[in-house]
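Student: Just passing along the structure, written as structure tokens.
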Amino acid sequence: MEFEQVKGWRFRFAATAESSGAAAHSGGRSFLERRRDRHGRGLRGALLIAPLPGARSRSERFDDLVVDSAERLEDIWGASMDRLQFAVEEIPGNLEELVASGDSAPFAAYRPAQDAAPASITIFRRPILQRVESDEDLREVVHDAVVEQVAVYLNLSPEAVDPLYGRTRRF
């Protein structure tokens, strides 16, 4: 038996009289080369590997927007934001009560510091996503929601907290 190299590291048996029928049947291609593309839908599997930005889920991208806004404000305000935490939740806890009373769901909520727990700002993902139409609007609305709550924390107006607040008011 002799081996012959085919396309890099793959090897196959040299065609002999007894194996010529098998080689003709498979077309001389490897398994990966002759793998089926079922119903014309393409090969299965992940299109992007995990570290690439396109492989992140929608909720992870939303979290990234909140982190970007918080980091921008931390760069502006520095040490005054050290004892402030940010969180992202799907919906507010009292959503049924808000709907029953006819109020709209808030984009964010501020909880002041208590005893050993630091102050926290919670951004609600679903109410924001329902009101925006594009990714650019989403970035703006998330940033404005974060700025409004940081303004409550710092006891300032939102325009004083960040000059980019309210660039576009479509929501």
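Student: Give the range 73-109 a look and list any residue that's over 16 Å from residue 126 (Cα atoms) and in contact with a Pro (Cβ under 8 Å, 6 or more places away or on another chain), or say none.
Tutor: If the condition is that a residue be over 16 Å from residue 126 (Cα atoms) and in contact with a Pro (Cβ under 8 Å, 6 or more places away or on another chain), then 83, 84, 85 are the ones that fit.
Student: Are there any pairs with C-beta distances below 7 angstrom linking a residue in the range 73-97 that is touching a residue at least 60 places away in the same chain (Cβ under 8 Å) to a residue that is part of a loop (DSSP other than H, G, I, E, B), with the two at least 6 apart or on different chains, and if so which?
Tutor: The qualifying pairs are 73/162; 76/162; 84/118.
Student: Another question about this same structure. Criterion first (part of a helix (DSSP H, G or I) and in contact with a helix residue (DSSP H, G or I) (Cβ under 6 Å, 6 or more places away or on another chain)) does residue 67 satisfy it? Before you say what the answer is, go through the steps one by one.
Tutor: On the way: part of a helix (DSSP H, G or I): yes; in contact with a helix residue (DSSP H, G or I) (Cβ under 6 Å, 6 or more places away or on another chain): no.
Spelling it out, it is not the case that residue 67 is part of a helix (DSSP H, G or I) and in contact with a helix residue (DSSP H, G or I) (Cβ under 6 Å, 6 or more places away or on another chain).
Student: Suppose we filter the range 72-102 for residues that are exposed (fewer than 11 other Cβ atoms within 10 Å of the Cβ) and part of a helix (DSSP H, G or I); how many remain?
Tutor: Final tally of qualifying residues: 7.
Student: I need a count of the residues in the range 132-155 that are within 25 Å of residue 79 (Cα to Cα) and either exposed (fewer than 14 other Cβ atoms within 10 Å of the Cβ) or of a type in the set (Phe, Trp, Tyr) (or both).
Tutor: 2
Student: Anything in the range 107-131 that is surrounded by fewer than 19 Cβ atoms within 10 Å (Cβ to Cβ), aliphatic (A, V, I, L, M) and more than 16 Å from the chain's Cα centre (by Cα)? List them, or say none.
Tutor: 109, 113, 116, 117, 119
Student: Another question, then. Checking residue 58 against (1) modelled with pLDDT of 90 or more; (2) over 27 Å from residue 152 (Cα atoms); (3) among the basic types (Lys, Arg), which single condition isn't satisfied?
Tutor: Answer for residue 58: the failing condition is (1).
The values are calculated or read from the model by the stated rules, or taken from the named source; none is laboratory data. Computed from a predicted structure; not experimentally measured. Counting neighbours? That spans all protein chains shown, and the Cβs are built from the backbone with ideal geometry, glycine included.
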